[in-house]
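My structure is below; once you've seen it, I'll send some questions.
The values are calculated or read from the model by the stated rules, or taken from the named source; none is laboratory data. What you see is a predicted model, and the numbers here were worked out from it, not measured in a lab. Here the Cβ positions follow ideal geometry from the backbone for every residue, glycine too, while neighbour counts run over all protein chains shown.
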Amino acid sequence: MDLKLLERLSLASGPPGFEDEVREIIKGELEGKVDELHEDGFGNLYAVKGSGRKVMFAAHMDEVAMMVRHIDERGFLRVVALGGLSPSQLVAQRVVVHGRVKLRGIVGSLPAHMGEERIPKMDDLYVDVGASSGEEVRSLGIRPGTLITFDSPFIYQLETGSVIGKAMDDRVGCFLLTEALKSVEPSEKIYAVFTCEEERGLRGAQVAANRVKPDLAFVLEGTIA
């Protein structure tokens with residue numbers, strides 16, 4: 001298998017509803033290797049191969065992320081979650097803020113010794129990009145609605161034969177489905193669907209299922225270890 005492809009998919013940015021980078025990588029890999037390759041108006045990508053009964057395989061392209069909801073005058077970005085994020089696990093995480101340029105930042109919250117001792121909520125968190133004021137932040141093209149993704153390297157650990165990176169849910173599914181399509185000669189009509197906005201309520205999958213109306217469907221999804 002081409003682990004360089006998994007690395008590219010992991011490092012690509014794809015918040016819910018903004019899966020363009022991921023979709024373009026998959027399209028580039030599958031062009032000329034399937035019978036049909038097209039998108040719907042929602043942003044789902046369909047790769048079709050073979051003939052016979054409709055068998056659908058789905059893997060989602062999006063990842064959990066955040067969005068700027070407010071910029072305070074000290075230059076801190078207040079955020080909302082896009083998908084199922086646990087606030088207690090976000091503090092000190094490195095992130096990328098997608099303003100006019102990509103800026104690195106750190107997720108922070110008020111230390112326990114300076115405030116109430118409790119598990120932080122999303123409203124308690126902020127992203128610090130090193131700016132000294134809200135005006136400086138806005139001059140960098142950051143506004144309410146600006147997207148924020150996680151800044152994690154892709155590491156292949158030879159000692160354990162494992163990989164470490166962000167968005168493995170569900171870029172691993174996208175990777176496996178893409179690699180399988182390159183070589184499989186199906187006895188049925190395969191609809192490989194790379195869906196949007198799974199992290200916001202399975203929206204793309206609902207659209208795809210109603211569009212394809214498969215005889216049988218499988219979902220490729222990450223799970224806990």
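May I ask you to say which residue of I148, I164 is aliphatic (A, V, I, L, M), closer than 28 Å to G28 by Cβ, buried (at least 16 other Cβ atoms within 10 Å of the Cβ) and touching a strand residue (DSSP E or B) at 6+ places or on another chain (Cβ under 7 Å)?
Numbers: I164 fails: buried (at least 16 other Cβ atoms within 10 Å of the Cβ).
Only one candidate qualifies: I148.
Select from the stretch 178-193 the residues that are within 15 Å of R8 (Cβ to Cβ) and surrounded by 18 or more Cβ atoms within 10 Å (Cβ to Cβ) and list them in ascending order.
Scanning the stretch 178-193 gives a single hit, T178.
Quick check on P111: is it modelled with pLDDT under 95, crowded, with 17+ Cβ neighbours inside 10 Å and not aliphatic (A, V, I, L, M)?
Details: modelled with pLDDT under 95: yes; crowded, with 17+ Cβ neighbours inside 10 Å: no; not aliphatic (A, V, I, L, M): yes.
The answer is no for P111.
Now a separate question. Restricting the search to the stretch 136-145, which residues are under 25 Å from D62 (Cα atoms) and crowded, with 17+ Cβ neighbours inside 10 Å?
I142, the sole residue that qualifies.
Quick grid of which residues meet (1) closer than 15 Å to E19 by Cβ; (2) without any contact (Cβ under 8 Å) to a residue 60 or more places away in the chain; (3) in the same structural domain as N44 (by TED's automatic domain parsing):
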site: G145; (1), (2), (3): no, no, no
site: Y156; (1), (2), (3): no, no, no
site: C174; (1), (2), (3): yes, no, yes
site: P186; (1), (2), (3): no, no, yes
site: V193; (1), (2), (3): yes, no, yes
site: D215; (1), (2), (3): no, no, yes
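Within the group E199, E221, which residue is of a type in the set (D, E, K, R), modelled with pLDDT under 95, under 17 Å from the mean Cα position of the chain (by Cα) and in a loop (DSSP other than H, G, I, E, B)?
E221
To continue, here is another question. With the structure loaded, tell me whether D215 is at pLDDT 95 or above, closer than 18 Å to E63 by Cα, surrounded by fewer than 22 Cβ atoms within 10 Å (Cβ to Cβ) and not hydrophobic (A, V, I, L, M, F, W, C) or whether it fails that test.
Working: at pLDDT 95 or above: yes; closer than 18 Å to E63 by Cα: no; surrounded by fewer than 22 Cβ atoms within 10 Å (Cβ to Cβ): yes; not hydrophobic (A, V, I, L, M, F, W, C): yes.
It is false that D215 is at pLDDT 95 or above, closer than 18 Å to E63 by Cα, surrounded by fewer than 22 Cβ atoms within 10 Å (Cβ to Cβ) and not hydrophobic (A, V, I, L, M, F, W, C).
Please work out which residue is nearest to F76 (Cα to Cα), limiting yourself to the stretch 110-163 and to residues that are in a loop (DSSP other than H, G, I, E, B) and among the charged types (D, E, K, R).
Per the stated criteria, the residue is R143.
May I pose another question? For the stretch 63-95, name all the residues that are in contact with a helix residue (DSSP H, G or I) (Cβ under 7 Å, 6 or more places away or on another chain) and free of Cβ contacts under 8 Å to residues at least 40 places away in the same chain.
Once the filter is applied, which keeps residues that are in contact with a helix residue (DSSP H, G or I) (Cβ under 7 Å, 6 or more places away or on another chain) and free of Cβ contacts under 8 Å to residues at least 40 places away in the same chain, the stretch 63-95 yields only P87.
Related question: Return yes when R118 is in contact (Cβ under 8 Å) with a residue 24 or more places away in the chain, among the basic types (K, R) and either under 24 Å from G141 (Cβ atoms) or surrounded by fewer than 16 Cβ atoms within 10 Å (Cβ to Cβ) (or both) and no when it is not.
no
For the stretch 41-54, give me each residue that is in contact (Cβ under 8 Å) with a residue 12 or more places away in the chain and out of contact with any Phe, Trp or Tyr (no Cβ under 7 Å at 6 or more places or on another chain).
If the condition is that a residue be in contact (Cβ under 8 Å) with a residue 12 or more places away in the chain and out of contact with any Phe, Trp or Tyr (no Cβ under 7 Å at 6 or more places or on another chain), then F42, G43, A47, K49, G50, S51, G52, R53 are the ones that fit.
Can you tell me which of (1) more than 30 Å from G134 (Cβ to Cβ); (2) touching a strand residue (DSSP E or B) at 6+ places or on another chain (Cβ under 7 Å) is the one E199 doesn't meet?
(1)
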